[in-house]
Each structure stands twice: as C-alpha cells, then as structure tokens.
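The values are calculated or read from the model by the stated rules, or taken from the named source; none is laboratory data. Just so it is clear, the structure is predicted and the values come from calculations on it, not from any experiment. When we count neighbours, we look across all protein chains shown, and the Cβ atoms used for this are built from the backbone with ideal geometry, even at glycine.
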Number of protein chains: 2
Amino acid sequence: MKTLINPKRENWPAILQRPTQTVENIEDTVNQIFIDVKRNGDKAISKYTALFDGVKLTNSVVTTEEINAAGSQISNELKLAISIAKQNIESFHVAQKTRKIQIETTPGVNCWQEKRPIQKVGLYIPGGTAPLFSTVLMLAIPAQIAGCKDIVLCSPPNKEGQIANEILYAAQLCGVTKIIKVGGIQAIAGLTFGTETIPKVYKIFGPGNQFVTVAKQLATKFNVAIDMPAGPSELLVFADDSAKASYVASDLLSQAEHGTDSQVVLVSTSKTLITNVETEIEKQICELQRLDIAKQAIANSKLIYVESNAVALDLINDYAPEHFIICSENETYFIDGIQNAGSVFIGNYTPESAGDYASGTNHTLPTNGFSKVYSGVNLDSFTKSITFQKITSEGLKNIGNTIELMAEAEGLQAHKNAVSIRLKDLK
Amino acid sequence: MKTLINPKRENWPAILQRPTQTVENIEDTVNQIFIDVKRNGDKAISKYTALFDGVKLTNSVVTTEEINAAGSQISNELKLAISIAKQNIESFHVAQKTRKIQIETTPGVNCWQEKRPIQKVGLYIPGGTAPLFSTVLMLAIPAQIAGCKDIVLCSPPNKEGQIANEILYAAQLCGVTKIIKVGGIQAIAGLTFGTETIPKVYKIFGPGNQFVTVAKQLATKFNVAIDMPAGPSELLVFADDSAKASYVASDLLSQAEHGTDSQVVLVSTSKTLITNVETEIEKQICELQRLDIAKQAIANSKLIYVESNAVALDLINDYAPEHFIICSENETYFIDGIQNAGSVFIGNYTPESAGDYASGTNHTLPTNGFSKVYSGVNLDSFTKSITFQKITSEGLKNIGNTIELMAEAEGLQAHKNAVSIRLKDLK
C-alpha cells in the first residue's frame, strides 16, 4: 500500500495510472486464428479447442441432457440464491424499458423513436477454476428482456469436455438459446464469422482474458459490435470518519482478490481512517484463500488523503472508476457530483459485492477510465433505436421550403428536387 | 440500373453487397500521422494542414470576429431555414430525455440509473465544395441538450484559411465551445491526444472521407470512443402501386448524388411501378448538376421485384438499410416489421431529404448493415448511464445470504467476507 498525502493535482494522472498491457505480440496470434476460423470453420475450432483447452470434442453443442444433469448437481440453496438474484436483476432491467417517443415537430411532421432488439447476440463466459455464472445472469437476463432472438453462449470446456454446472444451469434459466463449448480467441472468431456450429452474431458481450479482449477488438473490424473495451477491474472508495474501517478494508480486499492487476484506491479526508483501514487490511488479508493475488494487488494500491470533499470529487471524476463506493456523511455531494463512474455504492451497508451478484444492477461495467464515455451493460445494450417520420402533404408544405433552401446551400440539388417535385403537385 | 425479378433468397447477399473499401494502405499513413501528432502536437498539425489543405495558418482557432463576420454573410432566408430546422431537431432530441429510473428491487435495496453527459466531445465536419452545415446541427444540438461541457468542432480550412460561413454560423448557433481549423487525419489525431490548441476529447462524432474513417477507427485504440463505424450512404425504397413513380425516382436520385459509391435500392411488388420509376429516373437525372456522380451510382443501383410484402420485409431486414422509405398501401406492416434500419420515411410526402435537414430526426445514421446493431446518433449518444445502489442494514439482511452463497460458489471469498463482516455486526 502506498499512502499519499495531498498529492499535487499535476501528479494525479501518474498516481492513478492503470496498468497498461502490451498486446502487440498477441495480435499476430489472434489474427492467425481469425483467418483460420473464417476459412475452415468448425475444423479450425476443434483444432484450437484441442490445443488450448486440451480436449477433443465430438459435439461442441451442449445438449438438453447435459443441461438437465447440470441442474440436478446444484444445491437447492444455491438455486434459491440464483433465483433471488435473477429476480432483482430482472426488475431493475425491466424498469429500463422505454416507450416510443413521439412528437409532432411541426404541424403535419410526425417523428418518433422506437427501440428494437438486436436479433443475434453472443455471450462469452470465461472458464477457469471459478465458474462465473453471475455473468451469465448479467448478460442473458437483459438480452431476454430486450427480446433478442438468438442468444448464443460460448464458454471453454474443461479437460473433461464440460462446462461448469452453474453456468449451464444459469444459461437455461435465463433463456440462452444455444450453448457451445468453445472458448478463447476461437470462440470470438466463431461468433464473428459463423461456422457450421457457431452462429454469426451482431454483437458480442462478456469478459475474458487479454486474448479474448484483443479478439473482441479485432471482431469490430469485421463489423461485429462489442459491449465495451475491457481492462482490469477496479474499485475506488471514498470514505470519511463516518465510514467503518473494517468494512472499507473488506471492500478493498474483495477487489484485490480479482487479479494481481486489480486497481484498489481509497480516497479519504481522514488520516485516522486511512491508518485504521491499513491495519484492518493487514488483519483481514491473512485469512484469504486467494492471498497471493490479493497481496500483489494491495501492494500496488493507493491510499490518498485529500483536504476536502471538493478535491476528492475532482480526483474521482478524473480517475473515472468502474466501481465507486461512497461512505461519507455528505453522500449527496458525491452522488450529485459524480460525472464518471460505472456503478456507485452508497453507505456502510452497500458493499461492491452486492452489485456484483444480487442488488439488481449490472456488473459488466466500463474499466480503464472508460466510464467517462461508456455506460455499463444495461437493457439498451441489447437494442438499437430506429427513428421514423411521417409527413402529411400539409406538413411538407410547412417545412418544404426550409429543406429546399438548406439543400441548395449544401449544393445538393437532387435533395432539393425530391421536395420540389412534391410541392409542385400540392400547389 | 439492374432489374431483378424474384431473386432467390440465397442470392440476396450477393445482390445487395455493399462496395467494400480496402483500407490497408491508408492505415500506414494514418498511423504515421498519429505518432507525429502525439509527439509533436501543434507543430505536426500545422505541417499536415500545409501539406493536405495547402494553407499555412498562424492561428487555427476561429475567433469571435470570424464568427460574427460569417453570420453577416448569410442571407436572412437561409438563417430562417436554419432556425426552423434547429427548432425541429431540438424538439425531437429534447423529447428523448429520460428520467432517473429507480426501483427497490428487494425491501431496503434501492437501485437507480441516471444519465450524465459525456464531458468532452469532438465534432468533425468535412470541408470540400459543399459546406455540410446541416451536420453541425445534427451533432451540436444533441450535444448541447445532453449538457456536454466542451463541444469542440474541427473542420478543414480552405486555401484561404477559412471555414465556410454556414458552418461557423451553425456552430455558434448550436453552442459549440471551440472551433478549430483542422481537418482529415490530423484533426482526429489532435482530438485523440490533445495538442496545445486542440483539446483531447472522450468521443468523436461526424462523417468524413475514408482517411477520416480509418483515423476514427484508430482513435478507438487510444481509448477514444466514436459515434459509429462509417460507410457510403444508402437508401432502400419499398414502393407498391400506391407510390408515385416520379417521387420514388426523385428520392433514389437524391441518394445517388451523394457519391459514386452510394447504394440505391428499390424493392417493389409492382412490375409496372419498377418500369415507371426507371423511365422517371432517366428523365430526371439529365437535369442534375451532379450528373456524373448520380449516373455512376444509378448504374450500380438495383430494382428488385418480389412477389409479396413478406418477402420484401425479409429482404429489407437482411439488408438493414441506413435510410428506408415506405410507400405502401400496407405501411403498418412494414413499420411494425422493420427490425433493422437507421431512419424510416413513411408515405408519399416524406422524402429522405426531410430527415436529412429539417423533420427533426438525426441524419447521422448507421450504414453498411450496421443498423442491425447500432442506433443513429441521438441524445443518448452524448451521455452515458451510471447505476447507483443504496442498501439499508435491513436490505443487506435480506440479500446478504444470497450474495454470500453466490460468491462462495464462484470461489471469491473476499467478496463473501465483505458481506459477512457487516451481517455479523447486524446480528
């Protein structure tokens, strides 16, 4: 941990710099696999699954039998927990539905905007030791609410050719239409080009390691959209004397266990709190299973003392955290003033893990300062809006001359003609 | 023009293929200019302005005097037209404002979503013979409504070191905060990295030639967002016997005059209409100033006869047009069924040029099939949504166990601890 007292404003960028990843040498590998999958489809997919996941699959599509078997392996207790989380995520995302927006901008000129679902979406769920089934909920639930027709989930198989039971169970619960055992670069390439087994989709969602991240970037070159650019997860806590040091420490540690490159920042107007949080972290960290990971992330963490809430807010907006916890006696100041953050957690009883799993908000959020410009995943991430206009003959008489004048000034005569030819008939 | 009668479904992709641009050799140039601008700032910018625009500028920031002088050069007639268009665009985009969405997902668990403006945006407006001041309205008006703080407009200077009067007039009218005489790749590089003169922005909007398009793509690698990927403009008209051939022809020609690579498609259930539209195009095209451009685009255009509205709708959704005109006695069928389109124009008195200038909808729209996944520019393009959650001690008691179970199942013990440590105190 590094404690900084009133750092100068010009040093903020250096202090809060994110770990940068060099992806140059990954790009070549990603490019090669994309070319191979585009050309050879499933044959290439199998090859890379054997190579990277160490398993030869005869059928990569998950069957109904496998899904049912997965369900029977999960405890009723966990099933109940998943269903409570699902309910909360569902109500929050259903509330995000918007109605048709319609106005008559000029008499006879009716304009409206409607949202329509993206027809085909791909959800990527990483494999590894811990099955991230919560991400299945976060992506599949809004996709289903939006009305996406094809919801394809890809996740790498383990050495036995299986996807974790929890992932399969969550996927069927949330309306995923096809589950495929494929991971890494080859999964993203498959969703981008389509193969005999993997449907081509219009937009790819989901987290992943740096190979998956670079593959998603490359996918955009082939006209596939992605949820957002990704980077290591991060948490910034603002806490003053109204906060409880042990809670703050537990939140910082929950971020630290994600990965060695996790970003953990505490900003405070209380030197006492900073000292107490440090002590608490040292106490709590020893008991963690993922101690090694947490230790490295904590070693790079920053505890920053600033003199006022105003300076704190400026620094936080500059940093644009993915997760932002506010434990302040003046929380309204921060709620109203925050301009750049993915998701905000307010008060002593709102740990980040609440939003990670079950409060109802989405946990797929912009990292790496991207909250300055990107939203986290939400219902709109699965729709696009279309505008409509219907003009009556009266309406065209009202705005026709305006269009003619502007088109002429832009030197676009045929644009003008399209109006003139109609107006002539209406005279 | 090529007329196709009942083309087979498997041939649709080939028939409706968009012109593909190879950008390989552009990429090197773009990369070089980016590196140079990043390293040398304004010095590099001046160099490229001299090289590409043929002018040496002592000051590239447009002054208040220049803006005032520009205003005095514009006719009152055109000023009135611009103000009417502005009013319509404004009312349609103000109507898109959304309120805070707030729900209590579980007793004591309050979640809400709020939109906040993107603080710094860059608007790119191409130069050239015809000043595209309508695009200034389409980008600056929603940026101002959203509440963006810095709205920076870049447009290339002409040989006299000037930006067109209409662009300057529209920019000041719509609240642009800084206008800079810089175009092409160097403008996008400047907005990406920031220079002594050009502010670094978070998101870049606006059309441009293929150099600008590739530069915008590259900008995303440096953590700048862009409005959407761009391609040549396109129009698809569906028309049956209720349509008027001369109107349809005028609409197709308005699209054709944009560029030689413009896409012009007519889909119809009436062979008579197709024939009549062909005749009308031949008649109307001769009178156009941009005859050469229109001729080439029309030569590549497709007139497609299909047997039913259902087949037509399938084909149109497959194509996903940027602009879609419906002139049908059964327009509701198409309005309800369209899944993929940028903006839709309904009836005989709604030419595309209405939306290009003055109906109120935005004319910055997804081309190249991107309407399958992207919205056109709208108010939300200038905001991002932030989620908030505030949980009471009662609320945490209600969902705490759910979080603990799920965190444990994902092997994230510190996530669980952040809840357990609080629940313990609440017992």
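Restricting attention to the stretch A:275-306, which residues are out of contact with any Ser or Thr (no Cβ under 7 Å at 6 or more places or on another chain) and acidic (Asp, Glu)?
Selection gives A:Glu278, A:Glu282, A:Glu287, A:Asp292.
Conditions (1) surrounded by 13 or more Cβ atoms within 10 Å (Cβ to Cβ); (2) assigned to a helix (DSSP H, G or I); (3) within 14 Å of chain B (Cβ to nearest Cβ), marked per residue:
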position	(1), (2), (3)
A:Arg39	no, yes, no
A:Ala44	yes, yes, no
A:Lys47	yes, yes, no
A:Phe52	yes, yes, no
A:Glu66	yes, yes, no
A:Ala69	yes, yes, no
A:Glu77	no, yes, yes
A:Ile82	yes, yes, yes
A:Lys86	yes, yes, yes
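Quick one: in the stretch B:270-297, of everything that is of a type in the set (A, V, I, L, M) and within 14 Å of chain A (Cβ to nearest Cβ), which residue is nearest to B:Ala312 (Cα to Cα)?
Top of the filtered list is B:Val277.
Residues are listed down the side, and each one gets a yes or a no for (1) closer than 30 Å to B:Thr332 by Cβ; (2) of a type in the set (Gly, Ala, Ser):
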{"site": "B:Gly194", "(1), (2)": "no, yes"}
{"site": "B:Ile198", "(1), (2)": "no, no"}
{"site": "B:Lys216", "(1), (2)": "no, no"}
{"site": "B:Val237", "(1), (2)": "yes, no"}
{"site": "B:Val248", "(1), (2)": "yes, no"}
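B:Thr192 fails exactly one of the following numbered conditions: (1) touching a Lys or Arg at 6+ places or on another chain (Cβ under 9 Å); (2) surrounded by fewer than 23 Cβ atoms within 10 Å (Cβ to Cβ). What is the number of that condition?
(2)
Restricting attention to the stretch A:6-37, which residues are surrounded by 14 or more Cβ atoms within 10 Å (Cβ to Cβ), assigned to a helix (DSSP H, G or I) and aliphatic (A, V, I, L, M)?
Those that are surrounded by 14 or more Cβ atoms within 10 Å (Cβ to Cβ), assigned to a helix (DSSP H, G or I) and aliphatic (A, V, I, L, M): A:Ile15, A:Ile26, A:Val30, A:Ile33, A:Val37.
Mind counting the residues in the stretch B:289-313 that are closer than 19 Å to A:Lys416 by Cα and either surrounded by 19 or more Cβ atoms within 10 Å (Cβ to Cβ) or not aliphatic (A, V, I, L, M) (or both)?
7
Restricting to the stretch A:292-313, count the residues that are under 17 Å from A:Val277 (Cβ atoms), not basic (Lys, Arg) and not in a helix (DSSP H, G or I).
Selection size over the stretch A:292-313: 6.
Taking the options B:Asn348, B:Asn368, name whichever one is out of contact with any Leu (no Cβ under 7 Å at 6 or more places or on another chain), surrounded by fewer than 24 Cβ atoms within 10 Å (Cβ to Cβ), modelled with pLDDT under 95 and not in a helix (DSSP H, G or I).
Sole residue among the options that is out of contact with any Leu (no Cβ under 7 Å at 6 or more places or on another chain), surrounded by fewer than 24 Cβ atoms within 10 Å (Cβ to Cβ), modelled with pLDDT under 95 and not in a helix (DSSP H, G or I): B:Asn368.
Would you point out which residue out of A:Lys390, A:Lys424 is more than 8 Å from every other protein chain (Cβ to nearest Cβ) and among the basic types (Lys, Arg)?
The unique qualifying residue is A:Lys424.
Among (1) under 30 Å from A:Ala354 (Cβ atoms); (2) touching a strand residue (DSSP E or B) at 6+ places or on another chain (Cβ under 7 Å); (3) not aromatic (Phe, Trp, Tyr); (4) not in a strand (DSSP E or B), where does A:Thr3 come up short?
The failed condition is (4).
Just to be sure I understand the filter: pairs with C-beta atoms under 6 Å, separated by 6 or more residues or on different chains, first member in the stretch B:289-302 and in the same structural domain as B:Phe238 (by TED's automatic domain parsing) and closer than 9 Å to B:Ala256 by Cβ, second member crowded, with 18+ Cβ neighbours inside 10 Å and acidic (Asp, Glu). Which pairs pass?
B:Arg290/B:Glu257; B:Ile293/B:Glu257; B:Ala294/B:Glu257
So the check is Cβ under 8 Å with 6+ separation or different chains; which pairs have a first residue in the stretch A:228-239 that's closer than 15 Å to A:Pro19 by Cβ and a second one that's of a type in the set (Asp, Glu) and modelled with pLDDT of 90 or more?
Short answer, once both residue conditions are applied: A:Ser233/A:Glu322; A:Glu234/A:Glu322; A:Leu235/A:Asp251; A:Leu235/A:Glu322; A:Leu235/A:Glu352.
Evaluate the following for B:Ala130: is it closer than 26 Å to A:Ala414 by Cβ and in the same structural domain as B:Leu191 (by TED's automatic domain parsing)?
yes
Exactly one condition in (1) closer than 30 Å to B:Gln87 by Cα; (2) more than 9 Å from every other protein chain (Cβ to nearest Cβ) is false for A:Thr98; which is it?
Failed condition: (2).
Can you tell me which residue is surrounded by the most Cβ atoms within 10 Å (Cβ to Cβ) among those in the stretch B:351-365 that are touching a residue at least 40 places away in the same chain (Cβ under 8 Å) and outside any loop (DSSP other than H, G, I, E, B)?
Once the filter is applied, the top-ranked residue is B:Tyr357.
So B:Ala320 fits all but one of (1) touching a residue at least 60 places away in the same chain (Cβ under 8 Å); (2) at positive phi; what number is the exception?
All conditions are met except number (1).
If you go through the stretch A:68-83 one residue at a time, how many are within 26 Å of the chain's Cα centre (by Cα) and not charged (D, E, K, R)?
5
Can you tell me which of A:Ser250, A:Ser343 is buried (at least 24 other Cβ atoms within 10 Å of the Cβ), within 21 Å of the chain's Cα centre (by Cα) and of a type in the set (Gly, Ala, Ser)?
A:Ser343
Counting residues that are at the interface with chain A (Cβ under 9 Å from one of its Cβ atoms) and more than 25 Å from B:Ala230 (Cα to Cα), which strands (runs of 3 or more DSSP E) fully inside the stretch B:101-188 reach at least 3?
Of the strands (runs of 3 or more DSSP E) lying wholly inside the stretch B:101-188, those with at least 3 residues that are at the interface with chain A (Cβ under 9 Å from one of its Cβ atoms) and more than 25 Å from B:Ala230 (Cα to Cα) span B:101-106, B:109-117.
Working carefully through the options A:Glu114, A:Glu160, A:Glu90, find the one that is within 30 Å of B:Gln87 (Cα to Cα), surrounded by fewer than 21 Cβ atoms within 10 Å (Cβ to Cβ) and acidic (Asp, Glu).
Only one candidate qualifies: A:Glu114.
Which one of A:Ile403, A:Ile316 is surrounded by 24 or more Cβ atoms within 10 Å (Cβ to Cβ), part of a helix (DSSP H, G or I) and facing chain B (nearest Cβ under 7 Å)?
A:Ile403
Yes or no: the stretch A:220-240 includes at least one residue that is over 20 Å from the mean Cα position of the chain (by Cα), surrounded by fewer than 22 Cβ atoms within 10 Å (Cβ to Cβ) and assigned by TED's automatic domain parsing to the domain that holds A:Leu273.
yes
Failed condition for A:Lys384, given (1) closer than 30 Å to A:Ser268 by Cβ; (2) surrounded by 24 or more Cβ atoms within 10 Å (Cβ to Cβ); (3) at the interface with another protein chain (Cβ under 7 Å from one of its Cβ atoms), with all others met?
In the conditions (1) closer than 30 Å to A:Ser268 by Cβ; (2) surrounded by 24 or more Cβ atoms within 10 Å (Cβ to Cβ); (3) at the interface with another protein chain (Cβ under 7 Å from one of its Cβ atoms), A:Lys384 misses (1) alone.
Kindly check whether there is at least one residue in the stretch A:326-335 that is under 18 Å from B:Pro117 (Cβ atoms), out of contact with any Lys or Arg (no Cβ under 7 Å at 6 or more places or on another chain) and away from chain B (no Cβ under 12 Å).
No, every residue in the stretch A:326-335 fails to be under 18 Å from B:Pro117 (Cβ atoms), out of contact with any Lys or Arg (no Cβ under 7 Å at 6 or more places or on another chain) and away from chain B (no Cβ under 12 Å).
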